[in-house]
Structure formats: C-alpha cells, structure tokens
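The values are calculated or read from the model by the stated rules, or taken from the named source; none is laboratory data. Model, not experiment: these values are computed from the prediction. Here the Cβ positions follow ideal geometry from the backbone for every residue, glycine too, while neighbour counts run over all protein chains shown.
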Amino acid sequence: MDGSTVRKEGYATTLITDDALTWLTSGRDQSKPFCLVVGHKAPHRTWMPDTTDLRAFDGKEFKLPANFYDDYSGRRAAGIQKMSITQDMLMAYDLKVDDAQEAAVKRMNPAQRNAWNTYYQPLNEDFKKKNLSGKALDD
C-alpha cells in the first residue's frame with residue numbers, strides 16, 4: 001500500500017492464491033463488506049508448470065479431444081483468431097524445447113532452474129534427435 005516493491009520467489013499462481021487466502025482469512029476488516037478478485041497471471045504468460053508439478057503426468061496418456069483439429073467453422077469470432085493447432089502452434093515454443101523458454105527460465109532461482117533443466121533437457125535432446133522441431137503435429 002505504500003508503493004514499495006516486494007519480490008517473492010515461487011510460482012505466480014501459488015503466490016497469488018496464498019496472498020489472497022491470507023488476506024481473506026486474516027488481513028481484512030471482518031466487520032466490513034468486501035470484494036476479492038483474484039487475477040491469476042499464469043494464464044497470460046508462457047505456460048510453464050510449477051517445478052513441483054513437472055512429473056505430475058509422466059507415464060499417462062491422454063486421448064485427443066474430438067475438437068482437437070477444430071476449424072471453428074460457423075463461429076466467426078473464433079474462426080478469425082489464430083487457434084489452430086496444426087497451423088498456428090509453434091512446436092518448440094509450445095512444447096518447451098530449445099531456447100523458447102529461456103526468458104522465463106532466467107527468472108527462476110537456482111533450485112527451480114535445476115529442477116526445470118533436469119526434467120526438460122533429456123526431453124529436448126530426444127526431441128532434437130527425432131528432428132521434429134518446427135514441424136506441425138500432423139507432419
């Protein structure tokens with residue numbers, strides 16, 4: 001409230017949620033009405049999981065949803081946006097390979113960066129060996 005800046009380490013969604021819950025349970029005047037709007041920033045960033053969740057779905061297979069290759073025909077607003085997986089997805093960027101995530105990784109502390117590199121470096125090497133970088137999913 002005084003205009004100072006506080007730097008916190010951690011995953012943005014977790015930090016925002018924890019701060020909101022702390023304020024809700026002990027930081028507000030309980031005798032006054034309130035409105036709490038929680039604006040998570042992670043959906044607006046390059047999607048990167050919390051390093052504690054890197055292995056959450058290892059070994060699990062997910063079926064592609066029926067609308068995976070949706071062309072959005074009949075929905076003008078959706079149809080004019082770049083949302084096609086086969087035409088608009090940037091494989092290296094969206095799959096976290098190569099240097100596409102470097103700016104976000106630079107913000108990590110050493111423990112987070114080590115966890116990230118330990119998890120993704122083998123995947124990146126495998127990806128490079130298969131020579132898939134930059135290709136569409138159905139190539």
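The table for this structure:
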read-out: Filtered residue count, the range 11-37, keeping only those that are surrounded by 10 or more Cβ atoms within 10 Å (Cβ to Cβ) and touching a helix residue (DSSP H, G or I) at 6+ places or on another chain (Cβ under 8 Å); value: 3
read-out: Thr51 β-branched (Val, Ile, Thr) and within 22 Å of Thr118 (Cβ to Cβ); value: yes
read-out: Which listed residue is modelled with pLDDT of 90 or more, charged (D, E, K, R) and within 25 Å of the chain's Cα centre (by Cα), from Asp29, Asp18; value: Asp18
read-out: Residue list for the range 4-25, restricted to those being small (Gly, Ala, Ser) and in contact with a Lys or Arg (Cβ under 9 Å, 6 or more places away or on another chain); value: Ala12
read-out: Considering residues of the range 1-40 that are of a type in the set (A, V, I, L, M, F, W, C) and assigned to a loop (DSSP other than H, G, I, E, B) only, the residue farthest from Pro110 (Cα to Cα); value: Phe34
read-out: Odd one out for Ala115 among (1) modelled with pLDDT of 90 or more; (2) aliphatic (A, V, I, L, M); (3) farther than 19 Å from Glu9 by Cα; value: (3)
read-out: Any pair with Cβ under 6 angstrom, 6 or more apart, that starts in the range 1-14 at a residue that is within 21 Å of Trp116 (Cα to Cα) and ends at one that is surrounded by 10 or more Cβ atoms within 10 Å (Cβ to Cβ); value: Lys8/Leu15; Glu9/Asn109; Tyr11/Asp50; Ala12/Lys41; Ala12/Ala42; Thr13/His40; Thr13/Ala42
read-out: The range 118-130, residues that are surrounded by 12 or more Cβ atoms within 10 Å (Cβ to Cβ) and farther than 14 Å from Pro49 by Cβ; value: Asn124, Phe127, Lys128
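Yes/no matrix, rows are residues, columns are (1) over 15 Å from Tyr11 (Cβ atoms); (2) in a loop (DSSP other than H, G, I, E, B); (3) at pLDDT 75 or above:
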{"position": "Pro43", "(1), (2), (3)": "no, no, no"}
{"position": "Thr46", "(1), (2), (3)": "no, yes, no"}
{"position": "Ala56", "(1), (2), (3)": "no, yes, yes"}
{"position": "Phe62", "(1), (2), (3)": "yes, yes, yes"}
{"position": "Tyr72", "(1), (2), (3)": "yes, yes, no"}
{"position": "Tyr93", "(1), (2), (3)": "yes, no, no"}
{"position": "Lys135", "(1), (2), (3)": "yes, yes, no"}
{"position": "Asp139", "(1), (2), (3)": "yes, yes, no"}
